[in-house]
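First the structure, in the form of structure tokens, and then the observations on it.
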Amino acid sequence: MIRRLLLKNFKVYTNQEFFLEEGSTAIVGPNGSGKTSILEAIEFGLFRRVTRKEKKVPSLEDLINHRGKKAIVELDFIAPINRREYTVVRQIHPGKKSAETTADLFLKGEKKPEVSGPTPVDDQIVELLGMDRHAFSALTYVRQGEIDRLSRLSPRERRSDLYSMMGLGIYDTLSSKVQKDLRKTTKEIGSLEETKQHLEEINKHLPSREEVTNASKALQKIVSTTGNSSDIQKIQSLIERIQTSIETIETQLTSAELSGRPEELKRESEIAKHLRDLLDTIPDVAENQLRPHIRSEARTLFREIFGDRYSDLVIDDDYDISLYDLQGNKVSLMAASGGEDVCVNFSLRVAVNTALQKYSVSGPPPGILILDEPGAGLDEQRRRWLPDAIAGLDIVKQVIVVTHMQELKGSTAHVISLQPQGKGRQPIVELQ
Ligand SMILES: Nc1ncnc2c1ncn2[C@@H]1O[C@H](COP(=O)(O)OP(=O)(O)OP(=O)(O)O)[C@@H](O)[C@H]1O
Ligand SMILES: [Mg+2]
């Protein structure tokens, strides 16, 4: 859950603090007043990037206020994994080629950061939230104009998005990480074995220690009868060099690196293989457990909204979605209207959130839902339903809704109202 947001020179905000509460909060204000910017700051604070509709990623430099030198986002959040409160502080400043960022993560109130640097902070936040930015996009943050995204995807893509929503994408990421490590280990074993073979090959062609000692003795005999000469000295130094080479190769061949390491690596890679197989099966098992709950939650919700037009919403095993009209005729999602689409999506997202909250399989759910203009495309009758639906989202700990809709104001526990102040000035923020 998000507790506090401090923005300095982040887009239109030159210096503004927001306190966010448990329950539902509406962010209201006219076009261009800075509503979406607040959500983008949350995304940036957590994941170091901002994604817009259709996965467009604006350059981070665009996030710095036109009149400022650097942007600062400070975000307090409670980690679902341990219920502790953290503060993440990120800055954006123009770099040589593109914008550069700094990042620090503190336990709330501590002076010394727990983790510093963009990548370590990114990794730590993913761990604390139990979700990466894909899961955040799929489950938590419904961007402006993206509410009908789920129905525009192919069933396969939809399945993968729903996997992300269930927090199962993390297993895919882990599995690929293990696979990558496995490839590295196999390569290392290969190169160690190659070195060993190479050394053994050289060793084969070198004379044995005994042969070298004999040659050395024979040379001494010659010296004792014919005396020393420059030729003999050359031969002597050659014999010494051969002796050193033999010793070096023997030491290398018996070193721990070459004699024990390949075996150790082989054992490690066996364990990694088992781990990878396990990680690959977890999502299927988890998804199988969740699927019936998601189906029934989505169907109940959809019938509540569209009960006057449709009798059912059915999600099959391939995540193909069908609607049934009052006469029981199947209506493909393709044929549904824009408003109906919005409701199917809303139902599905809420269903996944609810099912996760009740029957979470992969750790505590994030417990937060962010909706940017969920009512876009709904007619008046459906709009009337939306406030109730949002007010009924109490299973999710924190709901943040951005809206123009006056109707929504009364249905959330808190309201942040933005009044634009004209070009280059940050809006006046009012809490209600
Ligand atoms: N780097 C920047 N510096 C200053 N202002 C900026 C910067 N980038 C964007 N803006 C302005 O911030 C304003 C707020 O944009 P935002 O997307 O948050 O509006 P919104 O309230 O969501 O509007 P809508 O209702 O149209 O979706 C816009 O007017 C935009 O021009
Ligand atoms: Mg907006």
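Fewest-first ordering of Thr51, Thr14 by other beta carbons within 10 Å of each residue's beta carbon gives Thr14, Thr51.
Using the alpha-carbon atoms, what tilt in degrees (0 to 90, nearest 10) does helix 380-391 show relative to the longest principal axis of the chain? Approximately 60 degrees, to the nearest ten. With 20 Å bins beginning at zero, the pair-distance distribution over Cα atoms of the chain amounts to 21, 41, 18, 11, 7, 1 %.
Of the trypsin sites (Lys or Arg not before Pro) found in segment 16-84, those in coil by DSSP whose Cβ has at most 15 other Cβ atoms within 10 Å are Arg49, Arg52, Lys56, Arg67, Lys69, Arg83, Arg84. So what is Rg over Rh here for segment 8-67, counting just Cα atoms and using Kirkwood for Rh? On the Cα set of segment 8-67, Rg over Rh gives 0.96. Projected onto their three principal axes, the Cα atoms of segment 146-246 cover extents of 101, 22, 18 Å, largest first. Taking amide H atoms as placed 1.01 Å from N in the peptide plane, the amide H of Val115 lies under 5 Å from those of Leu105, each 5 or more residues away in sequence or on another chain. Helix 169-205 and the longest principal axis of the Cα set of the chain meet at an angle near 10°.
Rounded to the nearest 500, the 222 nm mean residue ellipticity of the chain from helices alone is -16000 deg cm²/dmol, with -39,500 (n - 2.57) taken per DSSP H run of at least 4 residues. Considering only Cα atoms, the convex hull volume of segment 175-222 works out to 58 Å³ per residue. Taking Lys and Arg as +1 and Asp and Glu as -1, the other residues whose beta-carbon sits under 11 Å from that of Tyr319 total -2.
Label positions at Lys409 and Arg84, each projected 7 Å from the Cα along the C-beta direction, are separated by 4.2 nm.
The fewest-to-most ranking of Asp308, Asp325 by surrounding Cβ atoms within 10 Å reads Asp308, Asp325. Applying a threshold of 26 Å to the alpha-carbon distances of Lys11/Lys53; Lys177/Lys266; Lys358/Lys409; Lys11/Lys397; Lys97/Lys177; Lys53/Lys108 flags Lys358/Lys409; Lys11/Lys397; Lys97/Lys177; Lys53/Lys108 as lying beyond it.
Equivalent ellipsoid of segment 99-197: semi-axes from √(5λ) of the C-alpha gyration tensor, largest first, are 33, 26, 11 Å.
Taken over the Cα atoms of segment 293-421, the convex hull encloses 125 Å³ per residue. Within the listed set Arg90, Arg133, Arg241, the residue fluctuating most in the Gaussian network model of the chain (springs between alpha-carbon atoms under 10 angstrom) is Arg241.
Axis angle, to the nearest 10 degrees, between helix 155-165 and the longest C-alpha principal axis of the chain: 90 degrees. Result for the chain in a Gaussian network model with C-alpha springs under 10 Å: among Ile42, Ile170, Ile202, the largest mean-square fluctuation is at Ile202.
Every number in this text was worked out from the coordinates using simple rules, so none of it is lab data. What you see is a predicted model; the values in this text were computed from it and never measured. We place every Cβ from the backbone using ideal geometry, glycine too, and count neighbours over all the protein chains shown.
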